[in-house]
Amino acid sequence: MKKIAVLFVCLGNICRSPAAEAIFINLLEKKGLTDAFIVDSAGTGSWHIGKKADSRMRIAAERRDINILSRARQITCEDFEKFNYILAMDNSNFQNIQDFKNRSPSSDFALIKKIQNFRSVFNEQEVPDPYFGGDEGFDHVLDILEDSVSCFLDSIS
Ligand code: 4NP
């Protein structure tokens, strides 16, 4: 059976989207669905390419037994034909993804959505950027994402 490919996207690809990717991978493992999916994350920006996720996010996730293993990369044209779903963390990422797609010879294959379209428990319509804030911001991002990422999976399976 063809795998479902899901790409989570934020600005730097070192805080929110690697966390969403790791939460999703963790959830798939728990549900025995790992083999049915391809999961990745990317940033719209290029500043952090090749870096591990921010240590504050990795530590906050490890407290929940979630390992963030990804290295930052920037979104590419090929992503629009490889991934079934491209899930933006906030409005700005969503707009930047659309702009990038419109500027480049990209496919219309991927469905581009905001991850918070799938929220149920939290009211936030965007995943807030925790990068310039305190440690509690990272936990809040994880709380929000555990809700919306799980609802996203429910919506497609
Ligand atoms: P992210 O957070 O988009 O969730 O990875 C950020 C990481 C780095 C920067 C901004 C946001 N930055 O300005 O370097």
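Details
- Peptide ranges 113-123, 51-61, 28-38 listed from the most packed, as the mean C-beta count within 10 angstrom indicates: 51-61, 113-123, 28-38
- Ellipticity estimate at 222 nm from DSSP helix runs (n ≥ 4, -39,500 (n - 2.57)) divided over the chain, nearest 500: -12500 deg cm²/dmol
- Only the Cβ atoms of Lys and Arg (+1) and of Asp and Glu (-1) were treated as charged; on that basis the dipole of region 4-156 about its Cα centre amounts to roughly 340 debye.
- Accessible surface of the chain, 1.4 Å probe, proportion on carbon and sulfur as whole %: 49 percent
- Flagged links, alpha-carbon separation over 24 Å, of K2/K113; K31/K51; K3/K30; K3/K52: K31/K51; K3/K52
- Look at the alpha carbon pairs under 8 Å that are at least 6 residues apart: their mean separation over the length of region 4-156 gives a relative contact order of 27 percent.
- DSSP-defined antiparallel bridges as percent of all bridges, region 1-78, nearest 5: 10 percent
- Taking a span of 15 Å or more along the helix axis (Cα atoms) and a mean Kyte-Doolittle hydropathy of at least 1.0 as the rule, no DSSP H helix of the chain qualifies.
- Solvent exposure of the chain amounts to 50 Å² per residue of accessible area, where only protein heavy atoms count and the probe is 1.4 Å.
The values are calculated or read from the model by the stated rules, or taken from the named source; none is laboratory data. Keep in mind the model is a prediction, meaning the values are calculated, not measured. With ideal geometry, Cβ positions are generated from the backbone for all residues, glycine too; neighbour counts draw on all protein chains shown. SASA here: full protein model, heavy atoms, side chains in, ligands and nucleic acids out. Shrake-Rupley method; radii C 1.70, N 1.55, O 1.52, S 1.80 Å.
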